[in-house]
Amino acid sequence: MPAVEGRAHAKLEVPPPSRFADKAFEWLTLAMALAVVLLVILVGWQLARGSSAAIQKFGFHFLATSTWDPVAEQFGALPFIYGTVVSSLIALLIAVPLSIATAIYLTELAPLWIRQPLTSLIEMLAAIPSVILGLWGIFVMIPFLRDYPFPFLKKYLGWSGLFTGPIYGVSMLAGGIIIAIMILPIITSVSREILRSVPNLQREAAYALGATRWEVTRIAVLSYAKRGLFGAVILGLGRALGETMAVTMVIGNTPQIATSLFAPGYTLASVIANEFTEATTDLYLEALFEIGLVLFGITILANLIGQLLLRTLKTSSGTRGA
Amino acid sequence: MAVNTMSSSTPTSQSGAMNPTPTSPATAAELVTANAFAVKDLSIWYGEKQAIKNISIDIPVMAITAIIGPSGCGKSTFIRCLNRMHELVPRTRVEGKILFHGEDLYAAGSDPAMVRRRVGMVFQKSNPFPTMSIEENVLVGLRLNGVRNRQVLNERLEKSLRRAALWDEVKNDLKKPGMSISGGQQQRLCIARALAVEPEVLLMDEPCSALDPIATAKIEELIRELRDQYTIVIVTHNMQQASRVSDRTAFFYVGELIEFGDTAQLFNRPRERQTEDYITGRFG
């Protein structure tokens, strides 16, 4: 039958779907994903290679001792590790509540006309160069902190041991505050995106039960979004650990471990930035490389711990109270 | 059912006197001619677009009222006005009056959260809270109201799940996540959640549109069982569903109320030409 033949013929003319294009696409994306992994491995390897002599000479002592004496060629990284961890924790303590509250305001409460301008403004904060923020820190923030909030903290919270000793202005606390300002925009905008992705149906479910706006935010929005918000915090922590320029300008750059947050400190990133040009001996340079390796390790470790915590958050959901 | 007669919007013995304890249902005799809602000249705008045009309708108490009509006819908008849910959409504007047992829903000082505690709602897609267990989902409304007594909570948990015809299926899995059960069960969980706060009215916005025929049949059966204790308003674009479950049916078309009457009458002997065209499948 000619009609049937014609149809069969037409069918044959359609080229089969190209398996090649599909495969090529798969390989291309795989190659790009692998490139990122490779880059991370290369950075780690390069840092390890650059510090091999220091690693051999000091071994574990590098991480556990506090002497940093380039003249005597004695290098211990503990004060820097301490400084990086403490300043980042201070930053998170300040930035996380502020950022999440801001994100809640921007997605749940603010009048529509104010949302976009406010969001843009917060994102502009991220665009301020680190060194400019550092200058502002030195000339505006530090004198202010020294004159008002620090004496206040000393007077009322001095008993805790965290706010004692002489007030110089430059301090671990000032470093933490400047990092907080720097990570605030990223945590806010990621949190905002996460809160925006909460389905409206969830909010409506809570409203329909007679919940107030705060109750809706609590039971429908925050509990739905908590894993994503935690991810935003981890992202902020990653940034905080590596912040360099502005911190260097306000933290005081003294390698010491002090209980008081008014005492100057030093971070891993700051010591590399400050001393790289002065590193005249091979061992000094290698020690700085090893500092870099430690910072690299801490950042990866923080992310890993974050991933693990995220997993427990997932499994515990469904059993936590309303 | 006695309320099947078309009653006019005469103010009832209940009007003006808010029943302070929604937990004590009035007897059928008291409410035989009562209207839960008396809607007068209601118009609603979304920005410039008028979604509801000058609708007046009385919704009888302790009966099932179905609202049918093609997509975009304003039926969802309309029931969302009955518990002020439409206010969550920015730039909405309401004109006219809605009396709930004689009391103005939109009166200054009337709290939308209080309205919603008395007028519960079930949505098109089931929406249990994903981070909560089945039990927590049912009890969340009570906890919001400050109920802490474990015995009261347990009683209400079982009662609500039984009313939602879900108890036998989940009684051994109360601690499991609310999302771990099937779609039809999730929708009944949402009904249990709405019933747990003991509302007087249950609004259902196309509650079966995302469900398979078996789950749909279960929900319909459940709706019929709830009829004796609650005033139910159900939006559906399934006409068979409306004719199966409801006592009264309202037909909406492009924001207007075309016809409202006894369900059997509306489907068998529609008064309006448009209603007849719609129910016989000539459009929509």
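Key figures for this structure:
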{"quantity": "Check on A:A180, within 10 Å of another protein chain (Cβ to nearest Cβ), modelled with pLDDT of 95 or more and at negative phi", "calculated": "no"}
{"quantity": "Residue within region B:165-174 that is modelled with pLDDT under 95, under 16 Å from B:V122 (Cα atoms) and under 13 Å from the mean Cα position of the chain (by Cα) present", "calculated": "no"}
{"quantity": "Members of region B:78-128 that are closer than 19 Å to B:F260 by Cβ, touching a residue at least 60 places away in the same chain (Cβ under 8 Å) and of a type outside the set (A, V, I, L, M)", "calculated": "B:F78, B:R80, B:F100"}
{"quantity": "From A:A208, A:A127, A:A180, residue being within 23 Å of A:L268 (Cα to Cα), assigned by TED's automatic domain parsing to the domain that holds A:N253 and of a type outside the set (K, R)", "calculated": "A:A180"}
{"quantity": "A:L93 more than 20 Å from the chain's Cα centre (by Cα) and surrounded by fewer than 20 Cβ atoms within 10 Å (Cβ to Cβ)", "calculated": "no"}
{"quantity": "Tally of residues being buried (at least 20 other Cβ atoms within 10 Å of the Cβ), among the hydrophobic types (A, V, I, L, M, F, W, C) and over 15 Å from A:N253 (Cα atoms) across region A:67-89", "calculated": "1"}
{"quantity": "So A:E286, is it away from chain B (no Cβ under 14 Å) and touching a Pro at 6+ places or on another chain (Cβ under 9 Å)", "calculated": "no"}
{"quantity": "Of all residues in region A:124-142 being within 22 Å of the chain's Cα centre (by Cα), among the β-branched types (V, I, T) and assigned to a helix (DSSP H, G or I), the one that is farthest from A:I251 (Cα to Cα)", "calculated": "A:I132"}
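Every residue, every condition in (1) under 21 Å from A:L93 (Cβ atoms); (2) more than 14 Å from chain B (Cβ to nearest Cβ); (3) buried (at least 22 other Cβ atoms within 10 Å of the Cβ), yes or no:
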{"residue": "A:G165", "(1), (2), (3)": "yes, yes, no"}
{"residue": "A:T212", "(1), (2), (3)": "no, no, no"}
{"residue": "A:I219", "(1), (2), (3)": "no, no, yes"}
{"residue": "A:G242", "(1), (2), (3)": "yes, yes, no"}
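The values are calculated or read from the model by the stated rules, or taken from the named source; none is laboratory data. Computed from a prediction, not measured in an experiment: that's the story for all the values here. Here Cβ is always computed from backbone atoms with ideal geometry, including for glycine, and neighbour counts include all displayed protein chains.
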